[in-house]
Structure formats: structure tokens, C-alpha cells
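Everything on this sheet refers to the single structure shown next.
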Amino acid sequence: MTQIERYIFRIALGAFLACLIGLTGTIWVTQALRELDLITAKGQTLVIFFLITGLSLPTLITVIAPVALFIAVVHALNKLNGDSELIVMSAAGMRPRRILRPFLSLGLAVSLAVAFLTIQVMPSSFQELRDVLTRVRGDFIANVVKEGQFTSLDSGITFHFRERGPGGALLGLFIQDKREPGKSVVYLAERGQAMDYGGQSYLALEKGSVHRQQKDSRDASIITFERYTVDLAAFTPPDAELVYKPRERATTQLLFPDTSDTYYRQQKGRFRAELHDRLSSWLYPLALTFIAFAALGDPRTTRQGRGLAVAGAVIAVVIVRIGGFAASSAAARSPGAVVAIYAVPLLAILVSALIIFHGPVLRAWSAQATAALTGRLGRRPRLGTS
């Protein structure tokens, strides 16, 4: 790129990064606040909290990046026009394609990043998020047992703790195990702490006793302990088979699906729509770049307002995004609608390119048509005149 093109590129890049970081950070904070119950109610650690909220960042970036790029292009063009630089460039003979080149370079870079995130990173993050949430929901201590209540499980286990202490510790523990008919084991402890080791969950009891009563016996044996470990796997019901949704599956799994999979046969349309949404996502940053430049790329004097042009560009972007969502929804129902998923952003690029590169000709034709229509209306004889 030439020096002037690098100058334009730096302006647009700075605005894009500022918008991307600001919007992503704001939305991420709102999402993170919704997950605070992981710490307050479910007793999870800060690591799990930041892991779950952080796994949503790829999705946020892919959604926000095209919008941030659109805002950056609008800001850069308004700045160049407000400083009369756009007028000077046009007067010096710079053609629209040269002014468009730095914006197009930035748009291509954003498109490649969006394509990588959508095709490779997002499915992995969704899958990992599903696995983490499944582990959190399967946490017996966090989700099944309630403070101060006796909780009876179908397996014959009764669990109770008086209150939750600092660091997630359980105080005043009572566990009764009656899984074997006629045999009872009761655990009493002043304190207990859930812990993971080797992929298994355990409950470490401190300062308590174990009361065992054998079958057909009225006497119970009592064993006191300073520290005792109980395997929590027996308390948790077996997990159902985990089925990943289309958005949680790798792109290769969507390209070459397992046709014998029952879930795939039931949701074939959703698999098809998800695949083509990923493959077409990189077109939207380019489409929004072309729309912004088509609306604001022409140099104008400072007396000429650009509010209508900005409003028109925003409306065009909204129409394109709504059209994309509608095409995706239709593709889930009909294979023929897949073409519309690609047609919406490509049509926006084509129309914008015509306005950018052939704008003067189109405006001349419009002016001639308006003049001709006005002339014919002016020559029409008036009724009721002598």
C-alpha cells in the first residue's frame, strides 16, 4: 500500500480495535454477571467461572467483529471527509478503488479471522463449554444437596450438612448409606471438603466417626477418625448419553456426518443450516465494508449532511443481517434455500460495488430519468382551462 493508503488503514484499524474491544468487553461483563451463581450458589471456583465465561468470547467476537468493522469504516470516512482529506484525494485524481483498498484489506483480514473462529474455534469452545456445564450440573454437592436439609437419593443414601463454611467447606455432616438391605453405614463429621483426584470426586471428612451395623445384628461398630475419604461417585446417578448439538460439532463432522446417528437423522436440516452458516460467515465483514463505503465513500463538503447516508447504511446492514437469519432458518427446512445463505451477503457486495464504481453513471441516469419524467408532467395539459 502507498503511504496515503497506510494512513487510511491505520485510522480504520484503530477504530476497529477500539470498537471490538469496547463492545466485546461490555457484552462479556453482562454475560459474566449472569453466571455469578456458579460461585455464590453452586460453590464453584473462580477458575471454573472464568473458564465458562471465557469460552463465550469466540462467539462474541464473531458476532461483534463485522459490526465493529462497519462502525470503523463509517468513522474513518467521516473523519477523512470532515478534515476535507477525502475531497483533496478525489481532486488529486485518486479513484474510488484506491480509497477503498485499505478498507478492503482490513475487511479481508477480519473475514479471515471470523472464518477461522467460526470454522475451527467456535465448535471447540461450544463443545468444551457443554462438557464443563455438564460436570458442574453433575456436581452432587453443588446441585443436589441443600443446606440444612436431609436429602434422600433413590440409591438409599441420605445426605445432610448444617451449613456451608469458608472455601466451600461443609460443616456438620451426616451421611447414611443403606444401599445394601439390612446393612447401614452412617458417617458423622464436623467438617467435609469436596475434592477431585484422578478425574474422580471425593469428600474428605475431618474429625468424625463411622457407625456400621451389619445385617441381622443389633450391635453397631463405631470407628472414630481424624480424616476419612468417601467416594462421591456412588452418590451421583449415572449420566445419560451426551449428545452434541450441531453448533457443538466440528466442521468436519458437519461435512461428513454419521448418517447412522439417530440425532442427525432427526435434525438433518439444522446440521445443513449450521454448516453453511459457518462457511458463509466470512462474507459478512466484506459485505458491511462495501455497504459503508458505498454510503459514505463519496467526498462531500462540510455543508452537506451525511446523516441520511449513515442512516441508509445502517438500514441496509439491518436488512442484510435479517436476510441472513431468514435464509438460515429456511435452509433448515429446505435444501434449496442454502443458495440464499450465500446470496444475501454476495448480493449486498454486488449492489454496493455497483454504487461505488459506477455511482456517477447511475446518478446521471437517475437525474436524466427524473428530468424526463418532470418534463412530461410539466407538458401535460391542465383540465378545465380554455
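Worth pointing out:
- Region 244-362 - percent of accessible surface contributed by carbon and sulfur, probe 1.4 Å: 66
- Phi-derived couplings, Karplus 6.51 cos²θ - 1.76 cosθ + 1.60 at θ = phi - 60°, listed residue by residue for region 210-224: 10, 10, 10, 10, 7, 5, 6, 9, 8, 8, 10, 8, 10, 10, 8 Hz, with x used for Gly and Pro.
- Listed by chain and number, the lysines whose alpha-carbon sits under 28 Å from that of K146, ignoring those within fewer than 8 places in the same chain, are K42, K178, K183, K207.
- Rounded FRET efficiency, nearest 0.05, which uses the C-beta distance separating A32 from A204 and R0 of 41 Å: 0.85
- Annotation: peptides 54-64, 91-101, ranked by per-residue average of other Cβ atoms within 10 Å with the highest first, follow the order 54-64, 91-101.
- Sequence ranges 252-263, 306-317, ranked by mean other-Cβ count within 10 angstrom, highest first: 306-317, 252-263
- Full extension of the chain between S184 and T224 gives 12.8 nm of extra length, using 0.36 nm per residue less the Cα-Cα distance.
- Peptides ranked, highest mean first, by Cβ atoms within 10 Å: ranges 179-191, 267-279: 267-279, 179-191
- Per-residue HN-Hα couplings for region 336-350 [Karplus 6.51, -1.76, 1.60; θ = phi - 60°; Hz; x = Gly/Pro]: x, 7, 4, 4, 5, 4, 7, 5, 4, x, 5, 5, 5, 5, 5
The values are calculated or read from the model by the stated rules, or taken from the named source; none is laboratory data. Please read these numbers as outputs of a predicted model, since none were measured by experiment. For neighbour counting, all protein chains shown are included, and Cβ atoms are generated from backbone atoms with ideal geometry for every residue, glycine included. To get the accessible areas, we keep the full protein, side chains included, count just its heavy atoms, and leave off ligands, DNA and RNA. Shrake-Rupley method; radii C 1.70, N 1.55, O 1.52, S 1.80 Å.
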